[in-house]
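Heads up, the thing below is written out as structure tokens.
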């Protein structure tokens, strides 16, 4: 799978799931489309509007992206904002798992945040483990995503994977 | 090669020796979700798998705890949907006021060698009795509710060995805050954090549970303590002594990282806004006015926590410029606290004692005002967490919180008590 898009934001280390989508909304709003309007609201009020204006954008982040709560609404609202991929130095465990479960491609790539600016155009080769910065003209490598996780993405998430394979065996 | 506690549990579950890094599929002994995560799990089961039937009613539970008693009509409708699901499936369902999922799971379900998956990040709490317990998202838990299984990456393990004794008014909360301040919020990512050493051996299960509860704040997948005689005593207290079994790491277990701490070096600590790993000793914040003090949560809302708060507040009055709210972690904790006169002391000191639940921690049932500062015994201080992004949250132990409520400002409990 190859993903190509412009970088919408470069986010700091330890961006947590409360910042991605506040707990004050997730209990009232079950419709992800309506919930997504509040994505990053407290720290970046124009995020939703900018993301919707630039569908297919990529997010770049520092270490431990998605730490905190297990709320799966976090990767789901980012998907709903038409984010095509998140590249971070590292991800928190539950966010990492949730993203594959909902079919949102994410990539761990050491050194990425030092090499990317907002609006750079990136080409991400998920199978080959390469990120090309087309704006700045260089390439970074990452450890390819394990086969099982790639299968989840190709199926469109854990539920369609399980439906197709009839369970875990 | 010896095994860590996490490796021992998964090896038994898989019927073979498993190694860190490998992916395994195994059966789940207990799974649960709450009002923040269960609606999405049910929705996913229905729309993606075409079923709302759980694999085994005795192994699934639901909880109204994060927004309960319901503060809005929307949430009441969410609770109604959960009740219908629970009724159809004959699963255990915990209502408004029954308490926080993690306290109830600890009292009624968690046991050594059980694999427990909850749709809440603080599910790692249950490693305190030797369970392999971890948090996942709603979809993962929805899939477990249908298939009774899930996949795991066998985690690497980190040993936190604590020797010596904690000083007066210093608690396991201070110990964890000090650890996360050192290793930071991603210091144990994907690992099993195993708490060992004499200081941990001396603690009761309730104090140890603060450590395993907060393991996620360092990124860990699990927080584990030995299943020893203290765990046996705890299970016996809840009529579940037959579920006890010893669990220890092997002497030659291989830990990826080992941290050694002398408990005497630990001081009362504060985590300041807006990160749990922003940590400094309480005396550095001396004199900082606090608008609201909160005692409760899955981290520090247990009987021994309320008992120590009552001991500090007994015969005293909360500062008139500060509110104190107290949330017992469960109905059982609340009843025992009433029976021992703890609640009376808290009420007489001026506390608002509320129904068991955890809505205050995420700003669902109590919210802070603009520019306000809260000192809470909960586990997270992220921006906006208590319902207002223009407020500040400081985290501390129960003694620091209770003593600070008396003065209306952050104090080091050792200096004033």
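The values are calculated or read from the model by the stated rules, or taken from the named source; none is laboratory data. All values reported here derive from a predicted model rather than from experimental measurement. We place every Cβ from the backbone using ideal geometry, glycine too, and count neighbours over all the protein chains shown.
In segment B:65-88, the residue that is surrounded by the fewest Cβ atoms within 10 Å (Cβ to Cβ) out of those that are free of Cβ contacts under 8 Å to residues at least 40 places away in the same chain and in contact with a strand residue (DSSP E or B) (Cβ under 7 Å, 6 or more places away or on another chain) is B:83.
So is residue A:112 crowded, with 24+ Cβ neighbours inside 10 Å and either modelled with pLDDT of 95 or more or away from chain B (no Cβ under 12 Å) (or both) or not? If you could, list the steps in order and put the result at the bottom.
On the way: crowded, with 24+ Cβ neighbours inside 10 Å: no; either modelled with pLDDT of 95 or more or away from chain B (no Cβ under 12 Å) (or both): yes.
Criteria not met by residue A:112.
Of the residues contained in segment A:126-135, none is found to be modelled with pLDDT under 95, in a strand (DSSP E or B) and over 26 Å from residue B:155 (Cα atoms).
Looking only at segment B:348-364, filter to residues that are buried (at least 22 other Cβ atoms within 10 Å of the Cβ) and more than 10 Å from every other protein chain (Cβ to nearest Cβ); which one of those is farthest from residue B:102 (Cα to Cα)? Filtering segment B:348-364 for residues that are buried (at least 22 other Cβ atoms within 10 Å of the Cβ) and more than 10 Å from every other protein chain (Cβ to nearest Cβ), the one farthest from residue B:102 (Cα to Cα) comes out as B:351.
Of the residues making up segment B:124-145, those that are in contact (Cβ under 8 Å) with a residue 24 or more places away in the chain and within 8 Å of another protein chain (Cβ to nearest Cβ) are B:135, B:137, B:138, B:139, B:142, B:143. Selection over segment B:371-407 of residues that are in contact with a strand residue (DSSP E or B) (Cβ under 7 Å, 6 or more places away or on another chain), surrounded by fewer than 22 Cβ atoms within 10 Å (Cβ to Cβ) and within 14 Å of chain A (Cβ to nearest Cβ) gives a count of 1. If you check residue B:58 against the conditions, is it exposed (fewer than 15 other Cβ atoms within 10 Å of the Cβ), modelled with pLDDT under 95 and not assigned by TED's automatic domain parsing to the domain that holds residue B:334? No: the conditions fail for residue B:58.
Here is a yes/no grid of residues against (1) crowded, with 17+ Cβ neighbours inside 10 Å; (2) touching a residue at least 60 places away in the same chain (Cβ under 8 Å); (3) out of contact with any strand residue (DSSP E or B) (no Cβ under 7 Å at 6 or more places or on another chain); (4) not assigned by TED's automatic domain parsing to the domain that holds residue B:365:
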{"position": "B:283", "(1), (2), (3), (4)": "no, yes, yes, no"}
{"position": "B:297", "(1), (2), (3), (4)": "yes, yes, yes, no"}
{"position": "B:303", "(1), (2), (3), (4)": "yes, yes, yes, no"}
{"position": "B:319", "(1), (2), (3), (4)": "yes, yes, yes, no"}
{"position": "B:322", "(1), (2), (3), (4)": "yes, yes, no, no"}
{"position": "B:330", "(1), (2), (3), (4)": "yes, yes, no, no"}
{"position": "B:336", "(1), (2), (3), (4)": "yes, no, yes, no"}
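If the condition is being surrounded by fewer than 21 Cβ atoms within 10 Å (Cβ to Cβ) and either without any contact (Cβ under 8 Å) to a residue 12 or more places away in the chain or not in a strand (DSSP E or B) (or both), then segment B:286-295 contributes B:286, B:287, B:288, B:291.
Listed conditions (1) at the interface with chain A (Cβ under 8 Å from one of its Cβ atoms); (2) in contact (Cβ under 8 Å) with a residue 24 or more places away in the chain are all met by residue B:113, apart from (1). Go through segment A:22-42 residue by residue and tally those that are closer than 16 Å to residue B:66 by Cα and either in contact with a strand residue (DSSP E or B) (Cβ under 6 Å, 6 or more places away or on another chain) or touching a residue at least 40 places away in the same chain (Cβ under 8 Å) (or both). Qualifying residue count, segment A:22-42: 2. Would you mind telling me which numbered condition in (1) under 23 Å from residue B:121 (Cβ atoms); (2) outside any loop (DSSP other than H, G, I, E, B); (3) within 12 Å of chain B (Cβ to nearest Cβ) residue A:30 fails? Result: residue A:30 fails condition (2) only. Any residue at all in segment B:91-104 that's surrounded by 24 or more Cβ atoms within 10 Å (Cβ to Cβ), at pLDDT 95 or above and more than 15 Å from the chain's Cα centre (by Cα)? Yes, segment B:91-104 has at least one match. Please determine whether any residue of segment A:145-152 is in a loop (DSSP other than H, G, I, E, B), in contact (Cβ under 8 Å) with a residue 12 or more places away in the chain and out of contact with any helix residue (DSSP H, G or I) (no Cβ under 8 Å at 6 or more places or on another chain). There is no residue in segment A:145-152 that is in a loop (DSSP other than H, G, I, E, B), in contact (Cβ under 8 Å) with a residue 12 or more places away in the chain and out of contact with any helix residue (DSSP H, G or I) (no Cβ under 8 Å at 6 or more places or on another chain). Screening segment B:148-235 for strands (runs of 3 or more DSSP E) wholly inside it with 1 or more residues that are surrounded by fewer than 22 Cβ atoms within 10 Å (Cβ to Cβ) and in contact with a helix residue (DSSP H, G or I) (Cβ under 8 Å, 6 or more places away or on another chain) returns the ranges B:149-153, B:157-163. The number of residues in segment B:338-356 being out of contact with any strand residue (DSSP E or B) (no Cβ under 9 Å at 6 or more places or on another chain) and not in a loop (DSSP other than H, G, I, E, B) comes to 6. Filtered by the rule that a residue be touching a helix residue (DSSP H, G or I) at 6+ places or on another chain (Cβ under 8 Å), assigned to a loop (DSSP other than H, G, I, E, B), within 14 Å of chain B (Cβ to nearest Cβ) and without any contact (Cβ under 8 Å) to a residue 60 or more places away in the chain, segment A:43-91 gives A:43, A:62, A:66, A:68, A:69, A:70, A:71, A:72. When residue B:217 is tested against (1) within 14 Å of chain A (Cβ to nearest Cβ); (2) in contact with a strand residue (DSSP E or B) (Cβ under 8 Å, 6 or more places away or on another chain), exactly one condition is not met: (2). The condition of being in contact with a helix residue (DSSP H, G or I) (Cβ under 6 Å, 6 or more places away or on another chain) and part of a strand (DSSP E or B) does not hold for residue A:7.
Could you tell me whether residue A:110 is without any contact (Cβ under 8 Å) to a residue 24 or more places away in the chain, part of a loop (DSSP other than H, G, I, E, B) and out of contact with any strand residue (DSSP E or B) (no Cβ under 8 Å at 6 or more places or on another chain)? No, not satisfied.
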